[in-house]
Amino acid sequence: MRIVIIGAGPAGLTVAETVRAQDRRAHIVLISAEPHPPYAPPALLDHFTTGRDEPLFWKGVDVCERLGLDFRRGVGVRRLDGKARRFELDNGGVESYDRAVIASGSRLYAPVAGSELAGIANFKSLSAASALVERVRRGEAKRALVVGAGFIGVEVALLLGDLGLEVMLIEAENRVMPGIMDRETARVVEAELRRRGVELRLETRVSAFVGTRRVEHVTLASGSELAADIYVAATGVKPNIDFLQDSGVEAKWGVTVDDALRTNLPDVYAAGDVAETRDRMTGERYVHAIFPNAVEQGRIVGLGLLGFEARYEGAESMNSLKHVGVPIIAVGAASGEEELAYRHGDVLRKVFLRDGKIVGFRLSGDIRASGVYRSLMLRRADVSPYRASLADPGFGVADVIRAASP
Ligand SMILES: Cc1cc2nc3c(=O)[nH]c(=O)nc-3n(C[C@H](O)[C@H](O)[C@H](O)COP(=O)(O)OP(=O)(O)OC[C@H]3O[C@@H](n4cnc5c(N)ncnc54)[C@H](O)[C@@H]3O)c2cc1C
């Protein structure tokens with residue numbers, strides 16, 4: 001069997017690893033537009049801060065050789081011909097498949113005028129992040145302006161600060177990480193950013209990057225202008241689906257898949273940031289662009305390729321922040337019909353309920369209870385009997401777990 005996997009990110013590599021664990025003979029072609037061995041993007045910050053390679057190349061730099069993969073790096077796929085069951089590569093080559101996996105991930109999404117100008121950096125890939133860090137290390141810059149305070153924007157702001165730049169982080173909403181944080185937990189992150197010297201501008205919308213060929217300043221919605229030596233766009237991510245145009249693969253924002261992660265084309269699967277999957281809690285379909293989802297989807301696709309009836313349980317919304325100086329975890333919804341909170345010193349604990357069930361929680365300072373809350377949430381356990389103590393640091397963990405067990 002000839003399996004062609006597009007993308008060597010966490011999703012694509014997990015597909016290859018899962019298949020290889022059971023099938024020594026399959027010919028597995030793994031194609032990556034980037035020139036590097038497979039890496040884990042969540043470890044980019046650690047890599048540039050500490051110089052360590054191990055967490056970044058999470059399966060080892062030699063993983064493709066160890067797994068006996070036919071790894072093509074530094075070559076992009078430009079077209080899928082679903083009828084002929086083959087991919088056309090941008091180096092003129094062609095790859096035919098018996099089974100194919102679209103694991104092309106996501107890239108920067110910058111819906112801001114002028115974002116195509118030269119000189120606008122991003123932190124979405126190892127190649128882009130390396131180019132940015134090299135510029136800083138050459139000493140070309142003193143001041144950086146980061147547009148967008150999602151988790152990538154926050155990470156890059158911290159990194160550039162650590163590398164000695166003056167950093168301004170601009171966010172249109174009234175808090176950092178507005179997609180995942182409630183306002184109060186976001187304040188904890190904001191305090192850490194300020195403590196580490198990052199200048200934060202909330203409720204500030206960048207309307208355009210401006211320059212003739214190269215970016216020279218940004219214009220704000222208020223009309224004022226800001227200039228820096230380095231501009232970073234961290235305004236969101238978007239599935240890499242351009243090469244699927246006219247292929248017959250159904251896609252909206254991301255590739256449409258069923259619960260076995262199959263696309264509408266025969267023998268073509270999709271996994272990771274490129275796929276629109278079902279949310280395990282709400283049932284909604286959208287792109288859940290986080291690492292654990294990509295890995296689990298890769299595993300399910302791998303099992304499907306091996307002929308197992310694997311069903312994906314659904315994606316989770318879960319982010320843990322390791323680099324801000326305070327441990328923080330954000331899981332599920334950031335609001336509910338009812339909000340239970342505990343605040344003491346550096347510890348903030350917020351649990352959101354709907355119909356007596358946990359729909360989300362945010363913990364900072366002490367995140368040890370996250371496993372318990374997550375388990376209760378995923379089981380849709382009725383926690384109303386514990387409402388009074390649910391947010392307390394010492395709530396009856398063992399009793400609640402026992403009561404929630406099926
Ligand atoms: C800086 C950063 C920090 C992050 N931190 C966290 C975190 O703390 N926790 C968390 O859960 N998630 C985090 N994420 C998100 C997480 O990394 C992604 O959800 C995950 O990498 C998705 O894996 P993937 O394999 O689907 O896609 P990707 O990792 O995007 O990999 C896809 C690969 O496919 C390649 N490709 C694309 N198009 C083509 C083509 N046409 N031909 C050939 N190759 C192609 C790309 O170059 C890329 O190498 C972070 C992401 C970034 C960038």
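Each reported figure results from applying straightforward, stated rules to the coordinates on display, with no laboratory input. For clarity, every value in this text was computed on a predicted model and none was experimentally measured. Note that we place each Cβ from the backbone using ideal geometry, even for glycine, and neighbour counts take in every protein chain shown.
As an exercise, use a Förster radius of 25 Å and the Cβ-Cβ distance of Arg194 and Arg379 to find the FRET efficiency, rounded to the nearest 0.05.
Details: r = 39 Å, r/R0 = 1.54.
Calculated transfer efficiency: 0.05.
Can you put Arg66, Arg99, Arg73, Arg138 in order of Cβ neighbours within 10 angstrom, beginning with the fewest?
Working: Arg66 11, Arg99 21, Arg73 15, Arg138 8.
Listed from fewest to most nearby Cβ atoms, that is Arg138, Arg66, Arg73, Arg99.
Would you work out if the chain is rounded, prolate or oblate? Take a ≥ b ≥ c from the square roots of the eigenvalues of the alpha-carbon gyration tensor; rounded if a/c is under 1.5, else prolate when a/b is larger than b/c, oblate otherwise. Oblate, since a/c reaches 1.5 and b/c is not below a/b.
Which of rounded, prolate or oblate describes the range 84-212 when judged by the alpha-carbon gyration tensor and an a/c cut-off of 1.5?
prolate
Could you state the orientation-averaged shadow area of the convex hull built on the Cα atoms of the range 183-224, in nm² to one decimal? The partial results should precede the final answer.
Numbers: hull surface 16.2 nm².
So the Cα hull casts an average projection of 4.0 nm².
Here the Karplus relation 6.51 cos²θ - 1.76 cosθ + 1.60, evaluated at θ = phi - 60°, turns the backbone of the range 7-24 into coupling constants of x, 10, x, x, 5, x, 5, 5, 4, 4, 5, 5, 5, 5, 4, 10, 9, 6 Hz, with x for every Gly and Pro.
In straight Cα distance, which lysines are under 25 Å from Lys322, not counting same-chain residues fewer than 8 positions off? Candidates past the 8-residue exclusion: Lys59, Lys124, Lys238, Lys350. When both the range 177-201 and the range 312-356 are represented by their alpha-carbon centers, they are found 15 Å apart. The order of Glu203, Glu190, going from fewest to most other C-beta atoms within 10 Å of their C-beta, is Glu203, Glu190.
Only one residue of Pro292, Leu126, Ala21 has its Cα farthest out toward the positive end of the dipole of the chain, where Lys and Arg carry +1 and Asp and Glu -1 on Cβ, and that residue is Ala21. Annotation: the antiparallel percentage among DSSP beta bridges lying fully within the range 1-95 is about 40.
Kirkwood radius, the range 237-380, all distinct C-alpha pairs, inverse of mean reciprocal distance: 16.7 Å. Let me know the shape class of the range 306-347, please: from the alpha-carbon gyration tensor, a ≥ b ≥ c as square roots of the eigenvalues, rounded when a/c is under 1.5, otherwise prolate if a/b is greater than b/c, or oblate. In terms of gyration-tensor shape, oblate.
Please compute the contact order of the range 39-182 in relative form: average sequence separation of alpha-carbon pairs under 8 Å and at least six residues apart, divided by the residue count, as a percent. Walk me through the numbers before you get to the answer.
Numbers: 141 pairs, mean separation 22.3, N = 144.
Contact order relative to length: 16 percent.
Can you return the lysines within cross-link range of Lys83? Criterion is Cα-Cα under 25 Å, with same-chain partners fewer than 8 residues away left out. Cα-Cα hits under 25 Å: Lys252. Computed from phi, the 3J(HN,Hα) profile of the range 168-183 under the Karplus parametrisation 6.51, -1.76, 1.60 (θ = phi - 60°) reads 10, 10, 10, 9, 5, 7, 8, 7, 6, 6, x, x, 10, 10, 6, 5 Hz, with x in place of Gly and Pro. Most simply put, the chain has about 55% antiparallel DSSP beta bridges, counting only bridges with both residues inside it.
Using the crude model of +1 on Lys and Arg Cβ and -1 on Asp and Glu Cβ, and no other charge, please compute the dipole size for the chain relative to its Cα centre, in debye to 20.
Values: 53 positive and 54 negative charges, 65 e Å.
Roughly 320 debye, rounded to the nearest 20.
Taking each DSSP H run with n ≥ 4 as -39500 (n - 2.57) and averaging over every residue of the chain yields -7000 deg cm²/dmol at 222 nm. Remark: Trp253, Trp58 ranked as Trp253, Trp58, counting other beta-carbon atoms within 10 Å and listing the fewest first.
Of the GluC sites (Glu not before Pro) found in the range 64-126, those that fall in a DSSP loop while having at most 10 other beta-carbon atoms within 10 Å are Glu116. For the chain, averaging the sequence separation of C-alpha pairs within contact (under 8 Å, six or more residues apart) and dividing by the residue count gives a relative contact order of 14 percent.
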